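Here the structure comes first, spelled out in structure tokens, and everything after it is commentary.
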Amino acid sequence: MKKKKEKPNQSAFDFEAFKSEAISRLQAGESLGGVDGILAPLMQEFIQASLEGEMDAHLAERDPPNRRNGHGKKRVRSEAGMLEIEPPRDRDGSFNPQIIEKRQRKLNTGLDEQIIYLYARGSSYNDIHEQLKRIYGVEMSPTTISRVTDKVLPLLREWQTRPLESVYPFVFLDAIHYKVREDGRVVKKAVYCIIGITQEGYKEVLGLYLGLAGGESAKFWMQVLTDLQGRGLEDILIASIDNLSGFADAIEQIYPMTEVQLCVIHQIRNSKKYLAWKDTRPFMAELKKVYRAKDAQQAAHQLDILEQNWGKKYPAVIKSWHNNWDRLTTYFQYPQPIRKII
């Protein structure tokens, strides 16, 4: 006597009933996602249907003696809270679904990303645990959360040590400043971003280096440049930097053929700090004639005029321009299209 084909013990999903209930709950102000969210039943049905489809494909690839062998029961964590699913089984135990593997207890729908996001924002493991419990109804121990955040470290190290191109025509240094809590006190930190322009004209972040917001020594900059050199960067045409102590000298030691261009915008901002409010507009109008000059000779002439008009009142500002003049005017030796990039 022929055995009746076994059917999954999941009852058919009534989509129309779900849709009607979902609309009512949405109108009542309930959340789409999260614990007991409106979409939770649909997610559960989708996962169950996917498992059944995987089993059909698995059996089609195996020898005829293998067949379905009922269903198990399993609870998995998800963004919609705990989901009850019934993974199908086969006679010879060879079925290993991909959407939810045999020993998998957490649905990869973004919880890992949420943990990493909270961790990056400075949340402690206990804070992350409470957030996941409150928003998703998911109980996850600090040890498990630690394992998730630890997954990022190898990827970060891989990115930090990746090989670079041998030559970058332009390299820029920029800094992002943060206040962070360290050992119970708030300190200022700077993340120095080294950005290169490839020979094809694309921007690329070459590296990110954590410092102390202006307190870096020449030794620190030597370490940064030695790291870039060790990753394959052999030469730079123009390095555009802020006037950070020791950095320009370090560049000229590691890359002696590189032209150093101090950032004119930073120099202007530093000058502006020393000006009285009523003098700012006329001073800046005259200063613009210096850095917008057609060549270095005209720029030097305009700086002399600026000194005649403002040198007695703001000697420190004029002196700063004179002291940094060689590195502030590097761009004048290049045509206009390259000046614009610098």
Checklist entry - Which pairs, out of Lys188/Lys273; Lys219/Lys319; Lys219/Lys294, put more than 29 Å between their alpha-carbon atoms? => result Lys219/Lys294
Checklist outcome for this item: Sorting Ser94, Ser271 on solvent-accessible surface, 1.4 Å probe, most exposed first, gives Ser94, Ser271
Next on the checklist: If you count only protein heavy atoms and use a 1.4 Å probe, how large is the accessible surface of His58, to the nearest 10 Å²?
Outcome noted: 30 Å²
Item to check | Loop-located GluC sites (Glu not before Pro) in segment 193-271, at most 16 other Cβ atoms within 10 Å (DSSP) | outcome: Glu200, Glu234
Next on the checklist: Under the rule of at least 5 residues apart or a separate chain, name every residue whose amide H is placed under 5 Å from the amide H of Leu262.
Outcome noted: Ile241, Leu328, Thr330
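The values are calculated or read from the model by the stated rules, or taken from the named source; none is laboratory data. All figures in this text were calculated on a predicted structure; none of them were measured in a lab. FYI the Cβ positions are ideal-geometry reconstructions off the backbone, even for glycines, and counts take in every protein chain you see. Remember, those area values only see protein heavy atoms, side chains included, never the ligands or the DNA or RNA. Shrake-Rupley method; radii C 1.70, N 1.55, O 1.52, S 1.80 Å.
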